[in-house]
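First the structure, in the form of structure tokens, and then the observations on it.
The values are calculated or read from the model by the stated rules, or taken from the named source; none is laboratory data. None of the values given here were measured: they were computed from a predicted structure. Please note: Cβ atoms are built from the backbone with ideal geometry, for glycine as well, and neighbour counts cover all protein chains shown. Just so you know, the surface numbers come from the protein's heavy atoms only, side chains and all, with ligands and any DNA or RNA stripped out. Shrake-Rupley method; radii C 1.70, N 1.55, O 1.52, S 1.80 Å.
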Amino acid sequence: MQEGGTTELIAACGFDDVAEGPGDFSFTSALIEELKMFAQIPATFSVRALHAGLVARMMMKSLEKKASKLPKLRGSPVYLHINGYFEDNSILLRSFKDEFKGN
């Protein structure tokens with residue numbers, strides 16, 4: 001194990017943008033939907049994969065908004081690899097829901 005570890009960040013948008021407000025098109029709603037989707041998969045997933053899924057989901061939501069003639073979706077999720085070796089795998093996450101079924 002390397003000292004210092006890895007730090008990654010997913011933000012609702014960059015410092016020079018404004019994220020969508022609360023509701024169906026918000027970053028938080030997309031994050032919840034994405035995490036629920038990953039929770040159905042009995043495998044690990046990376047922070048980078050979570051970000052990629054968020055961007056794809058937000059792009060789909062943007063198309064939904066456009067089709068509904070609503071104002072353009074604001075902001076786009078941002079991923080930053082803050083420290084640690086970038087060549088290494090991204091931080092891995094997984095759902096623990098199956099481990100609690102028997103308790």
What area, in nm² and to one decimal, does the C-alpha convex hull of the stretch 1-76 cast on average over all directions?
6.6 nm²
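Give the carbon-plus-sulfur fraction of the accessible surface of the chain in %, rounded to a whole number; probe 1.4 Å, heavy atoms of protein chains only.
Numbers: 4440 of 7390 Å².
Of the solvent-accessible surface of the chain, carbon and sulfur hold 60 percent.
Taking the mean number of other Cβ atoms within 10 Å as a proxy for protection, how do you rank 26-33, 51-58, 37-44, 70-77 from highest to lowest? It would help to have the intermediate numbers written out before the result.
Numbers: 26-33: 16.6, 51-58: 18.4, 37-44: 11.6, 70-77: 14.9.
Answer by packing, highest mean first, reads 51-58, 26-33, 70-77, 37-44.
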Could you work out the Kirkwood radius for the stretch 36-89, taking every pair of different alpha carbons, averaging 1/r and inverting it, reported in Å?
13.3 Å
Amide H of C13 versus every other amide H placed in the peptide plane: which residues, excluding those fewer than 5 positions away on the same chain, fall under 5 Å?
V78
Taking Cα atoms, the helix 47-67 axis meets the longest principal axis of the chain at an angle in degrees (rounded to 10) of 10 degrees
